[in-house]
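Undergrad: Got a structure for you, questions after.
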């Protein structure tokens, strides 16, 4: 290489190498400080795309877990209210048994029937008052099959659609929770009940007929509770599966996105040494012009 004054090619070459080493050092510093191997699309365009898809999947799965937990809380609310209704039905059967015997007068049976009707009214009140986040659970609004669900309006009608998956496939991402009505009328007891049996225990014959109606009401209530219990167990299994899926997806996202600190620290040290060496050599290269001046002066 010639010794020139206008162009110091050695300094230019050293400056270019210094710039490359400094840029690599900056990239390594960014990765170590952020903990991410991929910080911009320039680092790894395909990796960035894969990472963002995985991140969307992970956040959706985590929200799905929260959705399923909310559904479990709702089921527990309904089951708790049905437990209270169960107590009322048991008391009503006890009253019907009391009124069915011949040792009571008609006036006494009317007194017994007044409590019977009060229990029926309380069952209806509980069923109509039980709600979760403003959604009534036991008044019959959530009864029916999945075919009757309609979510086109601002307020969905029919069975509740619990969505927990990341897509919109009915076999994988959601299912319906149906809760039959639990008012006294729906259970067939009290004055509001359809049919004669179970409406009243004001006479011995009506009291005896009410026993069968109350047995059917208790069975109907137990079926509702059993369905809710099985649905709660299903949701618990769903949450477990979603948590495992989110964990595995997080591990896959980490392998794509996270920096290997040991490897990157080695690269950081290497680039740091190269940068320091290039700075020293650039200082030396910038002094070559003085050598030329010494020849001219000589």
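Undergrad: Roughly speaking, what is the stretch gain from residue 132 to residue 243, that is 0.36 nm per residue apart minus the C-alpha to C-alpha distance, in nm to one decimal?
TA: 37.5 nm
Undergrad: GNM, the chain, Cα, under 10 Å: largest mean-square fluctuation among 174, 104, 116?
TA: The residue with the greatest mean-square fluctuation here is 104.
Undergrad: Taking the 0 to 90 degree range and rounding to the nearest ten, how far is the long axis of helix 288-297 tilted relative to the main principal axis of the chain, both from C-alpha atoms?
TA: 20
Undergrad: With springs connecting C-alpha atoms under 10 Å apart, model the chain as a Gaussian network and identify which of 25, 242, 95 has the largest mean-square fluctuation.
TA: It is 25.
Undergrad: In addition: In degrees, nearest 10, range 0 to 90: what is the angle between the Cα axis of helix 261-285 and the longest Cα principal axis of the chain?
TA: So the helix axis and the longest Cα principal axis differ by about 30 degrees.
Undergrad: Using R₀ = 30 Å, calculate the FRET efficiency as 1/(1 + (r/R₀)^6) where r is the Cβ-Cβ separation of residue 101 and residue 222; round to 0.05.
TA: With a Förster radius of 30 Å, E is 0.70.
Undergrad: Starting from one equal scatterer on each C-alpha and no solvent at all, send me the Debye-based log10 I(q)/I(0) for region 63-257 at q = 0.13, 0.15 Å⁻¹, two decimals.
TA: Taken in order of the listed q values, log10 I(q)/I(0) reads -0.74, -0.88.
Undergrad: Still on this structure: Between residue 41 and residue 263, what FRET efficiency comes out of the Förster formula 1/(1 + (r/R0)^6) with R0 = 22 Å and r the beta carbon distance, rounded to 0.05?
TA: 0.55
Undergrad: Between 0 and 90 degrees, rounded to the nearest ten: what's the tilt of helix 204-257 against the longest Cα principal axis of the chain?
TA: It works out to around 0 degrees.
Undergrad: Which whole-number percent gives the relative contact order of the chain, counting Cα pairs below 8 Å spaced six or more residues apart?
TA: Answer for the chain is 31 percent.
Undergrad: Given the rule -39500 (n - 2.57) for each run of at least 4 DSSP H residues, summed and divided by the residues of the chain, what is its mean residue ellipticity at 222 nm, to the nearest 500 deg cm²/dmol?
TA: On the way: 7 runs with 198 residues, N = 298.
One gets -24000 deg cm²/dmol as the mean residue ellipticity at 222 nm.
Undergrad: Test of understanding: in a Gaussian network model of the chain with alpha carbons linked when under 10 Å, which of 269, 59, 249 would top the mean-square fluctuation ranking?
TA: 269
Undergrad: Additional query: State the volume of the convex hull built on the alpha-carbon positions of region 3-125, expressed per residue in Å³ and rounded to an integer.
TA: 143
Throughout, read-outs are computed from the coordinates displayed, never taken from laboratory work. Just so we're clear, the structure is a prediction, and the values are computed from it rather than from any experiment. Every residue, glycine among them, receives a Cβ derived from its backbone with ideal geometry; neighbour counts consider all protein chains shown.
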